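The values are calculated or read from the model by the stated rules, or taken from the named source; none is laboratory data. None of the values given here were measured: they were computed from a predicted structure. Virtual Cβ from ideal backbone geometry, glycine too; neighbours counted across all protein chains shown.
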Ligand SMILES: Nc1nc2c(ncn2[C@@H]2O[C@H](COP(=O)(O)OP(=O)(O)OP(=O)(O)O)[C@@H](O)[C@H]2O)c(=O)[nH]1
Ligand SMILES: [Mg+2]
């Protein structure tokens, strides 16, 4: 197990310790200096750094970890001073990502994030080497650093291109799903909130659930169990604070599944203390809200089995003050509490508000069409002589498409009542034209 010393400008190092724990790194010493902002040149004050260096003279450790974000100049200064490897918070997170990335997409995204993360540090080493300070990044020599920097830039561009392709493919898949009447619900939230556990419950899936941070790095999409309609649920990478926007962007092709869902369930761990609940929810909302436009979002407080009713009331009032008008539901995934209300809320996305009354000739084609429509609509029918009379409840977005299919199937009569969108709209008779094959 690697041994680390930890430097922090706050007393709270709990999250950093769990990150290091996840990485299998043991913290042997912690040094704190309560500062409002890190020191410009040396992160902790220069006097404190001198003191730490003296104290550590006899200590054996592999790496020094900084509980914050290092500027390239601070990083350079500290590595030169201690002659040890220094990693900051985004660096630690990236290492966890590297270890947990298994799919091709996750590996490409992590590599890109790493290349982007390293670039300012490399520039600093090149700059220092050119100004004669010292040769090269990780003692590789100025020339080697220069070459590596150029290579890294080309590599990053190649990965970006590959990821854009993947993103296009995802867009096509999403469009197809939508066309086939599927709705997508995504699980978002801070790492370890219980997203994968909830996916497993809702979909009877078996995604990895673990008390480590960032167990999940790629997206898993499964069908919601027990629903009449076609609803898919996606579980994906969790959020964490202080992740530079460049790194979040590197994960865009995975996160798109969250951003473009019909309904986003934003999970938080309701068993944590007030400060953690607030800061983790704020982080999640900061990442999500600018990217989801006006999509539906429901905030879900998980792990209520770990708190009593009084605490639950307090948590609700804290959270409501942060989330404003967004809905809030409280659940316990492990005890299956509140899951019925959650399922009902999920069901609303398929809002079957449009109603069609139709008459079709009794034929295999008509019956086949009605049975395919059942996947995404509520359909009731009765056979009267040689005619099938059916009532179809569907999403108003699907109305045009379904009318096209009914017309192509030779509908004798179609009456629509598309709620407020097409008030009183009436359509009768047969016309030609179709929008292609339904729900195949
Ligand atoms: N007590 C309790 N524990 C829960 C509940 N839901 C999840 N957990 C636990 O919380 C931990 C994290 O669960 P995960 O489902 O892996 O969390 P996640 O949000 O997917 O985490 P990452 O993939 O790492 O971002 C696990 O140890 C779960 O067993 C719950 O309702 N109650
Ligand atoms: Mg997970």
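A few points about this structure:
- Residue 357 meets the conditions (1) assigned to a helix (DSSP H, G or I); (2) assigned by TED's automatic domain parsing to the domain that holds residue 394 in every case but one. The failed one is (1).
- Taking (1) surrounded by fewer than 21 Cβ atoms within 10 Å (Cβ to Cβ); (2) over 11 Å from the mean Cα position of the chain (by Cα); (3) closer than 21 Å to residue 293 by Cα in turn, residue 250 satisfies each apart from (1).
- Wholly enclosed helices (runs of 4 or more DSSP H) of region 1-111 bearing at least 2 residues within 18 Å of residue 191 (Cβ to Cβ): 14-22, 89-100
- Every condition in (1) surrounded by 23 or more Cβ atoms within 10 Å (Cβ to Cβ); (2) more than 21 Å from residue 105 (Cβ to Cβ) is met by residue 271 except one, and the failing one is (1).
- Hits in region 197-209 - residues which are within 8 Å of ligand 1 (Cβ to nearest atom) and at pLDDT below 95: 207, 208, 209
- Scope region 170-196; condition part of a loop (DSSP other than H, G, I, E, B) and either away from ligand 1 (no atom under 14 Å from the Cβ) or modelled with pLDDT under 90 (or both); matching residues: 180, 181, 182
- Candidates are the residues of region 326-341 that are surrounded by fewer than 21 Cβ atoms within 10 Å (Cβ to Cβ) and not in a strand (DSSP E or B); the one that is nearest to the chain's Cα centre (by Cα) is 326.
- Residue that is surrounded by the most Cβ atoms within 10 Å (Cβ to Cβ) [pool: residues in region 233-247 that are more than 16 Å from ligand 2 (Cβ to nearest atom) and under 19 Å from residue 276 (Cα atoms)]: 243
- Any hit, region 261-280, residues being farther than 21 Å from residue 344 by Cα and under 15 Å from the mean Cα position of the chain (by Cα): yes
- Filtering region 206-232 to residues that are more than 21 Å from residue 104 (Cβ to Cβ) and either outside the structural domain of residue 251 (by TED's automatic domain parsing) or within 13 Å of ligand 2 (Cβ to nearest atom) (or both) leaves 206, 209, 210, 211, 212, 213.
- Test: residue 202 is away from ligand 2 (no atom under 11 Å from the Cβ), closer than 19 Å to residue 297 by Cβ and in a helix (DSSP H, G or I): yes
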